[in-house]
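Please read the structure below before turning to the comments.
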Amino acid sequence: MNGPSSASFEPKAARILVVDDEPANLKLLSLMLRTEGYQHIELVQDPREVLAAYAKARPDLLLLDINMPHLDGYGVMEQIKALGDPLAPPIVVLTAQSGDDFMLRALNGGAVDFLTKPFNRRELLARVHNILLAHLARSMLQGRNGMLEQMVQQRTQELRLSRLDIVRRLGRASEYRDNETGQHILRMSHASALLARGAGWDEAACEMILNASPMHDVGKIGIPDGILLKPGPLTPDEREIMQTHTLIGAELLAGGNDPLLDMARDIALAHHEKWDGTGYPRRLAGEDIPEAARIVAIADVFDALTSERPYKKPWSVPDALQYMASHAGKHFDARLLRLFTTLVPQVLEIRERFREPPCVVPEEEALESR
């Protein structure tokens, strides 16, 4: 039966399911209801067919007899309750039996009202009308709440995508100012997420580091071109200025009150810290360095060593790993570095997926790592 939606605040448009093993009672109830203007009425004589009729009709009200063969009304209520329908219709029990025991069992079983046979027509119609009004109001309220929740979720997703767009643009801004490439950023960020997953991070946190790690060098936006793009080794004073990119990046990303930006800030500030406390800018050591920053440091250095640049040839993977292993417990977190080594096949797959066209390597010496 395809009646009007229960979201309509009109009782006469409601769908009513009537269950009684006596054909005469079904006809009488149908006549009473239709005379009053209710048109969407489903009649069920065999209680074993109630669930199928319920699924088809999606009723707004169930008028239910108690004493029936094969399955009594209490059993029908148990079946409906087991469905876990958040918008289950109210149940009005109709029975020739009287007494508190029958009434309490019906009410405890899920009925909202109890009427004894023979029916008083006006009382029956009044109760049906009032119960339908309450149910339809609840349905409408739940529908509105669902719509509001959907709107909130949609807006939250829009804000998340907008935030990610801003984050990625910040990452690209730092690329334009530095000599790194967009492919390096992709490789480094995906390798960071891979290592985080191997370290036991959940998927939400792995996605977060994937999107936060590209901002690790965003502070280079604030470094003068004469230093950032200098074609040669930096002086001690210039190196000191260059190292402030960690502080600038942290300041740019601070105060957002957002987990993604908080992680990006930690990475920007601490990805040049070293396990032995000789890094910068705060000379943090060991686990005082945020784990996200320790992860990004490994992924970033590995990709930088094994990538070709106009100022240097790429290192072989074994040479890069040997160099990094020699700095385990000094520059790098030894535990994370051992884990990274086991993930090298997947890291190389990431490199292949985001590889860049070969560049011409001049004969001049490689620039000192910054």
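The values are calculated or read from the model by the stated rules, or taken from the named source; none is laboratory data. Quick caveat: nothing in here was measured; it's all calculated off a predicted structure. Note that we place each Cβ from the backbone using ideal geometry, even for glycine, and neighbour counts take in every protein chain shown. Side chains included, ligands, DNA and RNA excluded: accessible areas come from the protein's heavy atoms. Shrake-Rupley method; radii C 1.70, N 1.55, O 1.52, S 1.80 Å.
When every residue of segment 257-269 is checked against the conditions, at least one turns out to be acidic (Asp, Glu) and not in a helix (DSSP H, G or I). You will find that of 236, 259, 231, the residue that is within 16 Å of residue 213 (Cα to Cα) and surrounded by fewer than 19 Cβ atoms within 10 Å (Cβ to Cβ) is 259 and no other. Take the residues in segment 239-256 that are at pLDDT below 90 and aliphatic (A, V, I, L, M), then tell me which one is most open to solvent (accessible area, probe 1.4 Å). Among residues in segment 239-256 that are at pLDDT below 90 and aliphatic (A, V, I, L, M), the one most open to solvent (accessible area, probe 1.4 Å) is 252.
Checked against the criteria, residue 194 counts as at pLDDT 95 or above and under 28 Å from residue 345 (Cα atoms). Report yes if residue 110 is without any contact (Cβ under 8 Å) to a residue 12 or more places away in the chain and not hydrophobic (A, V, I, L, M, F, W, C), otherwise no. For residue 110, the condition - without any contact (Cβ under 8 Å) to a residue 12 or more places away in the chain and not hydrophobic (A, V, I, L, M, F, W, C) - is not met.
Of the residues 134, 111, 106, which is open to solvent by 60 Å² or more (accessible area, probe 1.4 Å) and more than 28 Å from the chain's Cα centre (by Cα)? Full working, then the answer.
Details: 111 fails: open to solvent by 60 Å² or more (accessible area, probe 1.4 Å); 106 fails: open to solvent by 60 Å² or more (accessible area, probe 1.4 Å).
Exactly one residue qualifies, and that residue is 134.
Within segment 114-126, if we keep just the residues that are in a strand (DSSP E or B) and open to solvent by less than 50 Å² (accessible area, probe 1.4 Å), the residue that is nearest to residue 33 (Cα to Cα) turns out to be 115.
When we screen 4, 69, 59 for residues that are at pLDDT 90 or above, surrounded by fewer than 16 Cβ atoms within 10 Å (Cβ to Cβ) and part of a loop (DSSP other than H, G, I, E, B), the only hit is 69.
The single condition from (1) surrounded by 14 or more Cβ atoms within 10 Å (Cβ to Cβ); (2) farther than 26 Å from residue 37 by Cβ; (3) of a type in the set (Ser, Thr, Tyr) that residue 139 fails is (2).
Here residue 238 fits the description: in a helix (DSSP H, G or I) and either more than 30 Å from residue 325 (Cβ to Cβ) or β-branched (Val, Ile, Thr) (or both). Taking every residue in segment 325-347 that is polar (S, T, N, Q) and pairing it with any residue that is part of a helix (DSSP H, G or I) and open to solvent by less than 70 Å² (accessible area, probe 1.4 Å), at least 6 positions away or on another chain, the pairs with Cβ-Cβ distances below 7 Å are 341/321; 346/194.
For segment 325-340, give me each residue that is open to solvent by less than 70 Å² (accessible area, probe 1.4 Å) and outside any loop (DSSP other than H, G, I, E, B). Quick ask: steps written out before the conclusion?
First pass over segment 325-340, keeping only residues open to solvent by less than 70 Å² (accessible area, probe 1.4 Å): 325-329, 331-334, 336-337, 339-340.
Listed by number, the residues that qualify are 325, 326, 328, 332, 334, 336, 337, 339, 340.
Please state which of the following conditions residue 163 fails to meet, knowing it meets all the rest: (1) at pLDDT 75 or above; (2) open to solvent by less than 90 Å² (accessible area, probe 1.4 Å). Here residue 163 clears every test but (1). Residues in segment 73-100 that are modelled with pLDDT of 80 or more, open to solvent by 60 Å² or more (accessible area, probe 1.4 Å) and part of a helix (DSSP H, G or I): 78, 79, 81, 82.
Does residue 297 satisfy the criteria of being closer than 27 Å to residue 232 by Cα, touching a His at 6+ places or on another chain (Cβ under 7 Å) and either part of a helix (DSSP H, G or I) or not small (Gly, Ala, Ser) (or both)?
On the way: closer than 27 Å to residue 232 by Cα: yes; touching a His at 6+ places or on another chain (Cβ under 7 Å): yes; either part of a helix (DSSP H, G or I) or not small (Gly, Ala, Ser) (or both): yes.
Considered against the rule, which asks whether it is closer than 27 Å to residue 232 by Cα, touching a His at 6+ places or on another chain (Cβ under 7 Å) and either part of a helix (DSSP H, G or I) or not small (Gly, Ala, Ser) (or both), residue 297 comes out as yes.
Give segment 12-28 a look and list any residue that's touching a Phe, Trp or Tyr at 6+ places or on another chain (Cβ under 8 Å) and open to solvent by less than 10 Å² (accessible area, probe 1.4 Å), or say none. Explain how you work it out, then say what you get.
Of the residues in segment 12-28, the ones touching a Phe, Trp or Tyr at 6+ places or on another chain (Cβ under 8 Å) are 12, 14, 16-17, 28.
Matches in segment 12-28: 14, 16, 17.
Can you tell me which residues in segment 270-316 are among the hydroxyl-bearing types (Ser, Thr, Tyr) and either closer than 15 Å to residue 332 by Cα or buried (at least 17 other Cβ atoms within 10 Å of the Cβ) (or both)? Give the steps one after another, and end with the answer.
Within segment 270-316, the subset among the hydroxyl-bearing types (Ser, Thr, Tyr) is 278, 280, 306-307, 311, 316.
Answer for segment 270-316, where residues must be among the hydroxyl-bearing types (Ser, Thr, Tyr) and either closer than 15 Å to residue 332 by Cα or buried (at least 17 other Cβ atoms within 10 Å of the Cβ) (or both): 278, 280, 306, 307.
Name the single residue, out of those in segment 181-222 being assigned to a helix (DSSP H, G or I) and acidic (Asp, Glu), that is farthest from residue 258 (Cα to Cα).
Just the residues of segment 181-222 that are assigned to a helix (DSSP H, G or I), to begin with: 182-198, 203-215, 218-222.
Checking which are acidic (Asp, Glu) leaves us with 203, 207.
Details: 203: 17, 207: 14 Å.
Looking at the filtered set, the residue picked out is 203.
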